[in-house]
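To start, the structure itself, in structure tokens.
The values are calculated or read from the model by the stated rules, or taken from the named source; none is laboratory data. Predicted, not measured: the structure shown is a model, and the values here were computed from it. A quick note on method: Cβ atoms are made from the backbone with ideal geometry, for glycine too, and the neighbour counts reach across all protein chains shown. Calculation scope for accessible area: heavy atoms of the full protein, side chains included, ligands and nucleic acids excluded. Shrake-Rupley method; radii C 1.70, N 1.55, O 1.52, S 1.80 Å.
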Amino acid sequence: MEKAFDHIIADYAGNKVMVNGAEHLVGECSVALLNCFNEPDELEAFGDLSDDILADSVYVESSETTQDHIDVLCEDILSLLRLVKDFHPFVPFATEVQLEAVWESLSGEIIVSLRRLYHECAKIAEETGKAVQTILQRVRPDLDAERILGIVTNSNRQIANMITLYGEYGRDLMFAKNEINVLAERFRLLKKPDATHLLPIAFYALPKVATPTKVQFVKAEFEGDLEFKLANRYFFSRYLDFIFYDFYQGLGLGHYPRRCEVCGKYFLMTDSHLQRYCNGLSGIKNRAGKELTCRAVGKQRRQKELAENDPILRKYKTVCNGIRKDVSRGKITEETAEAAKRAAKDCKEKAKHNNDYANGAYFTDMNKNRFYAMVTPKDTRVA
Ligand SMILES: [Zn+2]
């Protein structure tokens, strides 16, 4: 029986993928990769733990394995899982329930005593030339020998799987992160980032990774899907194989990671529009203290850029700023200011639709004193 933490199990149907029970758009996991472990300390701690797990494997695979070795391995795997608990596709592996399951299967009381029993019997079997099962039956006739053999074999396979998955994870993650990052930067320069343009760039850099080991047909279980749909279920024993498979599948659908120009985080693009900002929050607050979305900040920046490059808008802004200053210094009333701003806006609108006016009279018309004079003289100054 395979446990969820043995493999990455991914069901692909259309543009969605279910990875160990969590639903994503195809290609989304590579976005999570680019956004995680960006602090050098984090990445180092992570790489060190991965290396430790690989080093533990030397003891665990040798015939002199002791429970102490397995306990050390167990602690290292649990620490690594705690580090990746918010990181896709490892979120489902790192729930408290899963951590408990990992501990139970490596260091739990029952498995430890069964393993001890097995080793004792294996030793006798070796000395006597008899089968382990025969010795087991003789030593503990009250237990089901076949079942015990099954549990111990299964547990050893689990350990081997976990070592492969987590021991190579540090190196896999850094390699995949760098490769995908370089490609994402190249995609940014594309005028039309669709599958036809994304794939040739990506093929050029296609890393050699193993393909999934097993494929099954299963019923797709995505949220909101009412019809019966088939999904291809793939089993990956290494993170590297999964992440590149998912990334390239995503590119084929026109899904690719793009960096937000406001917050700097990556987000998944699902069409060839040149979206420059993510849908998230920017961390930047407005005057009222409300946090703005990256889109809102982006829009403000674009308007500012536009205004700075447009003489009509630049003139309009200068006049409006002047009006604001006058009212705050008490030179004019609020009413006059409002009327003057309205008049300035009318001039600007007229200039937008009339080129002759924009190139001529606009610049003399756009004058705050002229606007003040248009309002009844007694209102123009505070009494
Ligand atoms: Zn953003």
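Taking residue 297 as meeting all but one of (1) open to solvent by less than 40 Å² (accessible area, probe 1.4 Å); (2) more than 10 Å from the ligand (Cβ to nearest atom); (3) part of a helix (DSSP H, G or I), write down the number of the exception.
Unmet condition: (2).
Any residue at all in region 32-45 that is open to solvent by 40 Å² or more (accessible area, probe 1.4 Å), in contact with a strand residue (DSSP E or B) (Cβ under 7 Å, 6 or more places away or on another chain) and modelled with pLDDT of 85 or more?
The answer is yes, given that some residue of region 32-45 is open to solvent by 40 Å² or more (accessible area, probe 1.4 Å), in contact with a strand residue (DSSP E or B) (Cβ under 7 Å, 6 or more places away or on another chain) and modelled with pLDDT of 85 or more.
Which is assigned to a helix (DSSP H, G or I) and within 16 Å of the ligand (Cβ to nearest atom), of 184, 202? It would help to see each step written out before you state the result.
Values: 202 fails: within 16 Å of the ligand (Cβ to nearest atom).
The unique qualifying residue is 184.
Taking the residues in region 254-282 that are open to solvent by 60 Å² or more (accessible area, probe 1.4 Å) and within 12 Å of the ligand (Cβ to nearest atom) as candidates, determine which candidate is nearest to residue 35 (Cα to Cα). Give the steps one after another, and end with the answer.
The initial filter retains those residues of region 254-282 that are open to solvent by 60 Å² or more (accessible area, probe 1.4 Å), namely 259, 261, 265, 270-271, 273-274, 276, 279, 281.
With the extra rule that they be within 12 Å of the ligand (Cβ to nearest atom), the set shrinks to 259, 261, 265, 276, 279, 281.
Values: 259: 10, 261: 14, 265: 6, 276: 16, 279: 15, 281: 15 Å.
If we take residues in region 254-282 being open to solvent by 60 Å² or more (accessible area, probe 1.4 Å) and within 12 Å of the ligand (Cβ to nearest atom), then 265 is nearest to residue 35 (Cα to Cα).
If the requirement is being more than 38 Å from the chain's Cα centre (by Cα), among the charged types (D, E, K, R), open to solvent by 70 Å² or more (accessible area, probe 1.4 Å) and closer than 27 Å to residue 163 by Cα, which of these qualifies: 116, 140? Full working, then the answer.
Working: 140 fails: closer than 27 Å to residue 163 by Cα.
Among 116, 140, only 116 is more than 38 Å from the chain's Cα centre (by Cα), among the charged types (D, E, K, R), open to solvent by 70 Å² or more (accessible area, probe 1.4 Å) and closer than 27 Å to residue 163 by Cα.
Within region 172-210, work out how many residues are open to solvent by 50 Å² or more (accessible area, probe 1.4 Å), modelled with pLDDT of 90 or more and farther than 17 Å from residue 31 by Cα.
6
Scanning region 283-294 for residues that are within 10 Å of the ligand (Cβ to nearest atom) and in contact with a Ser or Thr (Cβ under 8 Å, 6 or more places away or on another chain), which turns out nearest to residue 199 (Cα to Cα)?
294
Determine whether region 222-244 contains at least one residue that is of a type in the set (D, E, K, R), within 24 Å of residue 38 (Cα to Cα), away from the ligand (no atom under 16 Å from the Cβ) and in the same structural domain as residue 54 (by TED's automatic domain parsing). Give the steps one after another, and end with the answer.
In the first step, residues of region 222-244 are kept if they are of a type in the set (D, E, K, R); the result is 223, 225, 227, 229, 233, 238, 241.
Cutting the leftovers down to within 24 Å of residue 38 (Cα to Cα) gives us 238, 241.
Narrowing the set further to residues that are away from the ligand (no atom under 16 Å from the Cβ) leaves 238, 241.
Narrowing the set further to residues that are in the same structural domain as residue 54 (by TED's automatic domain parsing) leaves 238, 241.
Yes: one or more hits.
All but one of (1) modelled with pLDDT under 85; (2) open to solvent by less than 50 Å² (accessible area, probe 1.4 Å) hold for residue 73; state the number of the condition that does not hold.
Evaluating residue 73 over (1) modelled with pLDDT under 85; (2) open to solvent by less than 50 Å² (accessible area, probe 1.4 Å) leaves (1) as the failure.
To keep it simple, each residue is scored yes or no on (1) in contact with a helix residue (DSSP H, G or I) (Cβ under 6 Å, 6 or more places away or on another chain); (2) in a helix (DSSP H, G or I); (3) open to solvent by 100 Å² or more (accessible area, probe 1.4 Å); (4) not aliphatic (A, V, I, L, M).
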position	(1), (2), (3), (4)
319	yes, yes, no, no
330	no, no, no, yes
343	yes, yes, no, no
346	no, yes, yes, yes
349	no, yes, no, yes
357	yes, yes, no, yes
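Might you check whether a residue that is out of contact with any Pro (no Cβ under 8 Å at 6 or more places or on another chain) and either over 30 Å from residue 363 (Cβ atoms) or within 16 Å of the ligand (Cβ to nearest atom) (or both) occurs anywhere in region 305-328? So that I can check it myself, show each step before the final result.
Residues of region 305-328 that are out of contact with any Pro (no Cβ under 8 Å at 6 or more places or on another chain), as a first pass: 305-328.
Still in the list and also either over 30 Å from residue 363 (Cβ atoms) or within 16 Å of the ligand (Cβ to nearest atom) (or both): none.
Among the residues of region 305-328, not one is out of contact with any Pro (no Cβ under 8 Å at 6 or more places or on another chain) and either over 30 Å from residue 363 (Cβ atoms) or within 16 Å of the ligand (Cβ to nearest atom) (or both), which makes the answer no.
Can you run down the residue pairs with Cβ atoms below 7 Å, 6 or more apart or on separate chains, where the first is in region 264-281 and in contact (Cβ under 8 Å) with a residue 60 or more places away in the chain and the partner is away from the ligand (no atom under 12 Å from the Cβ) and assigned to a strand (DSSP E or B)?
Listed pairs, sorted by first residue: 266/257; 268/25; 268/257; 269/256; 270/25.
Of the numbered conditions (1) in contact with a Leu (Cβ under 7 Å, 6 or more places away or on another chain); (2) open to solvent by 30 Å² or more (accessible area, probe 1.4 Å), residue 102 fails exactly one; give the number of that condition.
Against the list (1) in contact with a Leu (Cβ under 7 Å, 6 or more places away or on another chain); (2) open to solvent by 30 Å² or more (accessible area, probe 1.4 Å), residue 102 comes up short only on (2).
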